[in-house]
Each structure stands twice: as C-alpha cells, then as structure tokens.
Amino acid sequence: MHLGTDLSNIGISLEGSQARVLVQSNPAFQPSRQQMDSMLYAMLRTLQSLGVQQLVAHLPAPQADVLKRHYRQLFKVPIQFNSAQECYQLSFPRIELSRALDWEATDIGRLARRERRLIRNHDSHDWAGSVMLLLPVLLRRGDASIERCATLLALSSRSLQRRLADEGQPFSRLLEQCRRRLCMEYLAAGYASETVALLIGYRQTGQFFRSYRRWFGHSPGDFQRAQAVA
C-alpha cells in the first residue's frame with residue numbers, strides 16, 4: 001500500500017513477522033525535520049486509534065541527546081534513534097494487521113440520514129438518543145463536538161443545545177456517559193489504556209486517567225490487573 005502526499009510518500013512494508021509503516025520525504029518539496037516528525041506522529045495516532053498496540057517508532061537521532069527525552073514524552077511508545085536522516089518508520093508485529101476491530105465499519109453519513117428521516121416523521125423526537133447514536137463513531141474519529149452532531153442532524157449547534165436542554169440532557173453529560181461506557185468496553189476487550197484514551201476522544205492520556213479515576217475510583221491499571229487475575 002502506498003499513499004502519496006505533497007511532502008512525503010507513505011507505505012507499508014511486510015518483512016517476516018514484522019510490519020513497517022515508512023514515511024519517506026518527497027525530494028521535490030524538501031520537508032523539514034519538524035514536518036516529518038509531525039507526519040510520523042499523525043500516523044502513530046491513527047494506528048493507535050485502530051487498536052495497534054505494540055508500536056515502535058524509528059526516528060533520526062536528534063543533534064542534542066536531551067531532545068530524545070522530549071521525543072519519548074511526545075510519542076509515548078518505544079523509540080529507536082538511527083543515524084540515517086531518512087529513518088521515519090513505525091514497526092509492529094505483522095499479526096496486528098489481522099486484528100478484527102471491535103466495531104463494525106459505520107457509514108456516519110448513512111446513520112445521520114436515518115436520524116434526519118426520523119426527525120421529519122416524528123413530532124417528539126428523542127434528540128439525546130440521536131446524539132448518543134452518533135457519539136461512538138465521532139469519538140473514534142476524534143470529532144465528537146456538538147457542532148459536528150448538529151451538522152449531521154441538519155440544525156444549528158444552538159438549536160441542538162436548546163433541544164437537549166429541554167430534555168434535561170446537556171451535551172456535556174451525554175459525552176461523559178458515552179465515554180464512560182465505551183471506556184469499559186474497550187478495556188474489557190484488552191486495549192491498552194493509551195489506545196482507549198484515543199478511542200474515546202482524549203488527546204492527552206493524563207486527561208483520560210483523571211477522568212477514569214473520577215468515574216470509577218481506581219486506575220485503568222487496577223481494572224486490567226483484576227481482569228488478568230479473573
């Protein structure tokens with residue numbers, strides 16, 4: 001598989017039991033180190049959101065050793081630094097490519113069209129129900145905002161806020177409920193905490209850990225250890 005962009009070419013290489021995602025710069029545009037770092041990081045987050053857990057990042061060694069710590073803090077996966085300037089890769093066990101997703105592929109447009117038909121055909125529509133139907137898909141895409149939900153339901157975000165308030169179900173509460181439910185489903189399915197954080201729409205793992213402890217009174221690690229014993 002090859003994906004071309006203006007700045008780079010992205011491909012998957014299979015070598016024995018290992019798979020590699022290679023990000024190679026386009027000489028015609030001469031992207032900077034920061035741009036290449038960003039593209040590899042974006043690919044890392046995409047793979048993590050799909051459930052790939054055993055990732056190793058391969059990067060050119062920075063000029064200052066102190067920067068290696070910053071890279072590790074950002075990527076939050078093992079990193080191998082290489083002297084080669086074109087070393088922008090992600091490696092993981094090849095079997096990860098055969099991992100079945102824990103959800104069926106969902107056409108968000110079709111889902112929204114169905115909800116809009118229900119809205120037209122029923123005077124007393126369950127707006128909170130429509131939002132809760134859309135949120136799991138939008139969270140996996142990192143786009144779970146009230147503005148996005150309102151657009152899919154063909155009304156303004158202010159109108160959707162008003163309708164949810166009339167039902168006593170503000171958007172923030174629905175988002176919290178959905179995240180809490182999905183969190184338990186993903187952890188029970190064996191996903192790593194960092195992957196769960198991405199799947200339920202947290203950009204920083206620390207935010208997820210704080211929310212989890214507020215919801216359940218313990219850490220995700222405590223839950224996973226209890227699951228292993230059971």
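Taking only protein heavy atoms into account and a 1.4 Å probe, give the accessible area per residue of the chain in Å².
In whole numbers, the chain has 57 Å² accessible per residue.
Compute the distance in nm between two label points, each set 7 Å from the Cα along the Cα-to-Cβ direction, one at R225 and one at S157.
Roughly 4.1 nm, to one decimal.
Report ³J(HN,Hα) in whole Hz for each residue of the stretch 188-198, in order, from the Karplus equation J = 6.51 cos²θ - 1.76 cosθ + 1.60 where θ = phi - 60°; Gly and Pro get x.
5, 7, x, 6, 5, 4, 5, 5, 4, 4, 5
Work out, step by step, the length gained on full extension between R173 and V56: first 0.36 nm times the residue separation, then minus their alpha carbon distance; give nm to one decimal.
Full-extension gain reported as 38.5 nm.
For the stretch 8-164, which whole-number percentage of the solvent-accessible area (1.4 Å probe, protein heavy atoms only) is attributable to carbon and sulfur atoms?
Its accessible area is 48 percent carbon and sulfur atoms.
R0 = 22 Å: FRET efficiency of H70 with Q18, Cβ-based, nearest 0.05? Can you show the working numbers first?
Numbers: r = 27 Å, r/R0 = 1.22.
Step by step, r from the Cβ atoms, then E = 0.25.
Starting from the eigenvalues of the Cα gyration tensor, five times each then square-rooted, give me the equivalent ellipsoid semi-axes of the chain, largest first, whole Å.
The three semi-axes for the chain are 37, 22, 17 Å.
The values are calculated or read from the model by the stated rules, or taken from the named source; none is laboratory data. On a predicted model such as this, the values are computed, not experimentally measured, just so you know. Cβ sites come from the backbone with ideal geometry, for glycine too, and all protein chains shown count toward neighbours. Note: areas computed on protein heavy atoms with side chains; ligands, DNA, RNA excluded. Shrake-Rupley method; radii C 1.70, N 1.55, O 1.52, S 1.80 Å.
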